[in-house]
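Chemist: Below you'll find the structure I mean.
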Amino acid sequence: MEKNPLEQENINKINAAREKARRDMEDVFDNKQEKLVDIMDYLIKKLDIFEENGLIFDKEDSIKKLKESVEIKDKETFVSHMLKILEPIIVFQINQPKIFGKIQRESIMNDAPNRDRIKLSEVLYCGLSDKNGVAHIHLAPAFDFMTKDKLSDFKQEIQNGLLKLAEIIKSDENIKKIIATSWIVASSPKRLEDLGFTIEGEISKEEREKHFKGDDRPIFKAFMTREDFLARYDNKEN
């Protein structure tokens, strides 16, 4: 029986998510062997969060298989093994995007806060580890904010984050530039310009390979100088 368009779209999304997971696991095997135990420990800790948010799966079996994965020496065997473990999460990601986005956001915001990742608001965080005096701001997954009744909350959280960043920048004279790099910059450049940013354009192939591998969406960069940022957001409430 032929599937209706919505069912087919859902299947296509799941297949695309599987392919991304495959590429991610290939990258883990090729480039992160020395961190494999830490990566699996991290995933094991996250299983509790998925279980609490309604994912139905055999958690004990998943823990057992994640621990076994560190002993696998063949790449294809490792990738196949990991995809079987991740399958319930992949399907959950597509079928429950708002809940999955909320889980992602909470994980990003709460994992080991340091200068690489500082929470600015419920949807915005930044990294200050750049030695060139750059603050990199990032939008955390916010699908659960993307509804008509919560859009004003989303905009307010953006504003709250920028105001908090101004406090941080004001106390750190080493920060000379603020950069936003995202598919959102590419899809909503006017919104970034309204916030005071200048659109720099699409990122280089090198940047995409390093930070956005597997993401086929256009990725643009926008920036603001320290002086312009503080003039706009220091002690501002609008």
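Where a number appears in this text, it was derived from the coordinates with a stated rule and is not lab data. All of these numbers come straight from a predicted model, not from anything done at the bench. Please note: Cβ atoms are built from the backbone with ideal geometry, for glycine as well, and neighbour counts cover all protein chains shown.
Chemist: Out of the DSSP beta bridges found with both residues in the chain, what percent are antiparallel (nearest 5)? The partial results should precede the final answer.
Modeler: Numbers: 17 of 21 bridges.
If we restrict to bridges inside the chain, about 80 percent are antiparallel.
Chemist: Based on DSSP, what percent of beta bridges with both residues in the range 122-197 are antiparallel, to the nearest 5?
Modeler: Details: 4 of 8 bridges.
Percent antiparallel among DSSP bridges in the range 122-197 is about 50.
Chemist: Can you return the lysines within cross-link range of Lys32? Criterion is Cα-Cα under 23 Å, with same-chain partners fewer than 8 residues away left out.
Modeler: Once the sequence-local lysines are set aside, what remains near Lys32 is Lys20, Lys45, Lys46, Lys64, Lys65, Lys67, Lys73, Lys75, Lys84, Lys205, Lys210, Lys213.
Chemist: For the peptides 183-189, 218-224, 148-154, what is the packing order when you average, over each peptide's residues, the other Cβ atoms within 10 Å and list the highest mean first?
Modeler: Values: 183-189: 16.6, 218-224: 19.6, 148-154: 11.3.
Averaged packing, sorted descending, gives the order 218-224, 183-189, 148-154.
Chemist: Something else now. Take the Cα radius of gyration of the range 5-95 and divide it by 2.2 N^0.38 Å, with N its residue count; two decimals is plenty. Let's see the in-between values first.
Modeler: Working: Rg = 13.6 Å, N = 91, 2.2 N^0.38 = 12.2 Å.
Relative to the 2.2 N^0.38 Å estimate, the range 5-95 comes out at 1.12.
Chemist: From the P(r) of the range 31-163, can you give the percent of Cα pairs sitting at distances over 20 Å?
Modeler: Details: 5019 of 8778 pairs.
For the range 31-163, the fraction of Cα-Cα distances above 20 Å is 57 percent.
Chemist: How long is the range 128-173 along each principal axis, judged by its Cα atoms, biggest number first, in Å?
Modeler: 39, 17, 8
Chemist: Separate question: What FRET efficiency comes out for Ser187 versus Glu87 if R0 is 25 angstrom and r is the Cβ-Cβ distance? Round to the nearest 0.05.
Modeler: Values: r = 30 Å, r/R0 = 1.19.
E between Ser187 and Glu87, to the nearest 0.05, is 0.25.
Chemist: Taking Rh as the Kirkwood radius computed over C-alpha pairs, what is the Stokes-Einstein D of the range 88-196 at 25 °C in a medium of viscosity 0.890 mPa s, expressed in µm² per second? Mind showing how you got there, number by number?
Modeler: Numbers: Rh = 14.9 Å.
The Stokes-Einstein estimate is 165 µm²/s.
Chemist: Using alpha carbon centroids, what distance separates the range 123-145 and the range 73-97, in Å?
Modeler: Comparing the Cα centres of the range 123-145 and the range 73-97, I get a distance of 27 Å.
Chemist: Taking only the alpha carbons of the chain, what extent do you get along each of the three principal axes, in Å, biggest first?
Modeler: Largest first, the chain extends 55, 45, 35 Å along its Cα principal axes.
Chemist: Same structure again: Return the distance in nm (one decimal) between the two label points of a simple spin-label model at Asp215 and Gln156, each offset 7 Å from Cα along Cα→Cβ.
Modeler: 2.8
Chemist: Kindly express, to the nearest 10 degrees and within the range 0 to 90, the angle between helix 75-95's C-alpha long axis and the longest C-alpha principal axis of the chain.
Modeler: With rounding to tens, the tilt is 60 degrees.
Chemist: Expected output is a single nm value to one decimal: the length gained when fully extending between Lys75 and Ile108, i.e. 0.36 nm times separation in residues minus the C-alpha distance. What is it?
Modeler: Values: separation 33, 0.36 × 33 = 11.88 nm, distance 2.79 nm.
Here the segment from Lys75 to Ile108 would lengthen by 9.1 nm.
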